[in-house]
Amino acid sequence: MRVLVIGSGSGAMASAVELSLAGHEVRLVGRSEATMAPLRANGIGYKGVLGEGRTGAVVIDTAMAPHAGWAEAAVVSLPTFAHSGIARAMAQAGWNAARPVVLNPGHTGGALEFATAFKAQVGVAPCVAEFATLAYVARKYLPDEVTVTGRAKFLRAAALPGGDEALHMALALFPGSHDAGDVLATGLANVNMVLHPPGSVMAAAWVEARQGDFTFYVDAMTPGVARVMAKLDGERRRVAAAFGHDLPPLVAEMQRIGTASANADATDLRAAISGGEANARIRAPDALTHRYYTEDFGFGLVPFVALAGVARVGVPTAAALLALGHAMQPGVGGAGRDAAAMGIAGLNRADLLRHVRR
């Protein structure tokens, strides 16, 4: 299979490595020459759960157009705030709307925003599917190397209407992925939306004072943070239920993914999260401009609150976290992935369900 992986961060590098090791022909396209140059010169180094080595089999470029006609499928593995821009760039580069695109991950509302932006360029909706979360726990500590401490054992996947081929591609390319039914199920199974904002708000002073010199899932996982997280998780599950999805609590979802121990007590949120081996060494944000703020507020909480409004479910914890995030760092949250960006402005619950179900 000829696969175009779009991105240059840890998720894209891990995707390129796994797909290359699986025997696929892979090309990696990123947006920054400065970021891509070390990869082009040295190949992609990798270590962790995918093994250890360096792959030079991946074609690396910053131009998308030369590869748009070559690829049989695309895997977009970028921070979710880049989805609309990448959708426009793919449309402008001549990407065939019938060819499958897999968002790894889509997080909350990713496929909806991607499809809206792509269609605005060419007038045709793309064939797109999304994962609820990134397939990896990965960090890029060196410019040409990715460290993968975890690979999801269970990935929720879903496609928009017309995206069956993209869903089939997602299931084939990434073992452990399963059809979740619709993109509301995947979007509302976004664990980062629950994991990151409470600690990001409540440990903000420490983030600024220590510049990330502490562990986010251990040092910052205090009982008070865990209690706020539990409230937010309850809101997430109530919104999902309003759309007909019975999603498990946060810890149970993390156990399925593999980022919490199978033996963890799901009722003890703090112990279950801080005891997860894959996340134990993850450092905290080093500033309020870190992606835990720029991504998980505007592209996690903002679309979540929009979906809650359509479902007519109150989400006071999510709204409070979003307000505090914006107050302490102007621009955090902002418009973000709002209802208009997702193409669902003015829809009621019945309209939205018709819009997303295949």
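The values are calculated or read from the model by the stated rules, or taken from the named source; none is laboratory data. All values derive from a computational prediction rather than experimental measurement. Reconstructed Cβ throughout: ideal geometry from the backbone, glycine too, with neighbour counts over all protein chains shown. Heavy atoms of the whole protein, side chains included, go into the accessibility calculation; ligands, DNA and RNA do not. Shrake-Rupley method; radii C 1.70, N 1.55, O 1.52, S 1.80 Å.
In summary, the aspartates and glutamates within cross-link reach of K47, defined as a Cα separation below 19 angstrom excluding same-chain residues under 8 places away, comprise E18, D144, E145, E277.
At what distance in angstrom do the alpha carbon centres of the range 277-300 and the range 118-195 lie from each other? About 19 Å separates the Cα centre of the range 277-300 from the one of the range 118-195.
Across the accessible surface of the range 127-234, with the other protein chains kept in place and a 1.4 Å probe, carbon and sulfur atoms take up 56 percent. Compared with the direct C-alpha span, the chain from D265 to A320 gains 17.0 nm at full extension, assuming 0.36 nm per residue.
Using a probe of 1.4 Å on the protein chains alone, the accessible area found for R210 is around 100 Å².
Translational diffusion coefficient of the chain (Stokes-Einstein, Kirkwood radius from Cα pairs, 4 °C, 1.567 mPa s): 64 µm²/s.
For the range 88-159, the Cα gyration tensor yields ellipsoid semi-axes of 27, 16, 9 Å (square root of five times each eigenvalue, largest first, whole Å). Computed log10 I(q)/I(0) for the range 125-176 at 0.14, 0.17, 0.24, 0.30 Å⁻¹: -0.46, -0.61, -0.86, -1.07, from the Debye equation with unit scatterers placed on every C-alpha and solvent omitted. Highest average first, the peptides 47-57, 316-326 ordered by how many other beta carbon atoms sit within 10 Å of their residues are 316-326, 47-57. Taken over the C-alpha atoms, the range 248-358 has Rg and Dmax values of 16.7, 44 angstrom.
Between K153 and H178, the modelled label-to-label distance comes to 1.2 nm, taking each label 7 Å out from Cα in the direction of the beta carbon. Of the peptides 234-246, 124-136, 259-271, 79-91, the ranking by mean beta-carbon count within 10 Å, highest at the top, reads 124-136, 79-91, 234-246, 259-271. According to the calculation over all Cα-Cα pairs in the range 35-104, the P(r) per 5 Å bin from zero is 3, 14, 19, 22, 21, 14, 6, 1 %. Entry note: the range 234-311 has Rg to Rh equal to 1.02, where both radii use alpha-carbon atoms and Rh is the Kirkwood radius. Heavy-atom accessible surface of the chain, averaged per residue, reaches 38 Å², computed with a 1.4 Å probe.
The rule of thumb for compact globular proteins, 2.2 N^0.38 Å, goes into the C-alpha radius of gyration of the range 153-268 1.22 times. Taking the three principal axes of the alpha carbon atoms in the range 186-245, the coordinate ranges are 43, 20, 16 Å, sorted in descending order.
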